[in-house]
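The values are calculated or read from the model by the stated rules, or taken from the named source; none is laboratory data. These numbers were taken from a predicted model, which means no experiment stands behind them. Here Cβ is always computed from backbone atoms with ideal geometry, including for glycine, and neighbour counts include all displayed protein chains.
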Amino acid sequence: MNKYSPVVMGILLLLTASTPIAAGQSNLPECNHYAFTIDSSNTHYSLIRNGSINIGQNLFVDSNCEFTISLNGLTFNNQTFFSQSIPLDLTTFSITENGITTTYSNLTFYPSDDINFIILESNKDKTTTDSELFTSELLAHIITIIILFFLSTSLVYRAARNRVENTIEVVI
């Protein structure tokens with residue numbers, strides 16, 4: 001083996017590793033976009049994906065590349081940020097970036113005012129009267145007493161049986 005062969009192999013390895021592979025590279029930048037809705041009070045954000053239920057009627061799309069959005073037959077071009085109030089019956093829209101189209105379908109949108117109303121209405125069903133509360137507490141206490149009685153009785157019985165079996169000698 002030649003004394004220069006490790007040096008030559010190292011140089012060849014370094015040149016091979018630093019050479020770019022032209023077949024796998026592309027000149028297009030990697031584009032990412034985010035589509036979401038915001039409610040009217042700007043407190044709830046819903047990320048949009050296929051089949052999602054979204055709260056709010058303000059649609060926002062943010063991207064690091066220019067994109068084209070197709071919404072209800074209208075097309076908006078060459079933007080990196082999009083904001084639009086949308087109708088509640090919108091179920092599908094498309095975003096195209098660098099020739100790649102992403103279609104969001106089976107969408108459901110609810111206005112934020114209706115959601116607050118539903119939350120307030122559902123809380124009314126959770127009120128209980130004093131007699132209902134007393135009855136439920138009484139039932140819980142009775143069940144606890146029954147369980148403790150059976151557990152303590154079985155524990156005392158086992159201890160007594162163990163003591164009787166271990167201390168009394170049978171004489172025949």
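Only strands (runs of 3 or more DSSP E) whose full extent lies in the stretch 74-125 are considered here, and the ones with at least 2 residues that are closer than 21 Å to Thr43 by Cβ and modelled with pLDDT of 85 or more are 74-85, 108-110. If you take the residues in the stretch 59-73 that are within 25 Å of Ser40 (Cβ to Cβ) and out of contact with any Pro (no Cβ under 9 Å at 6 or more places or on another chain), which one is surrounded by the most Cβ atoms within 10 Å (Cβ to Cβ)? Checking each candidate, the answer is Leu59.
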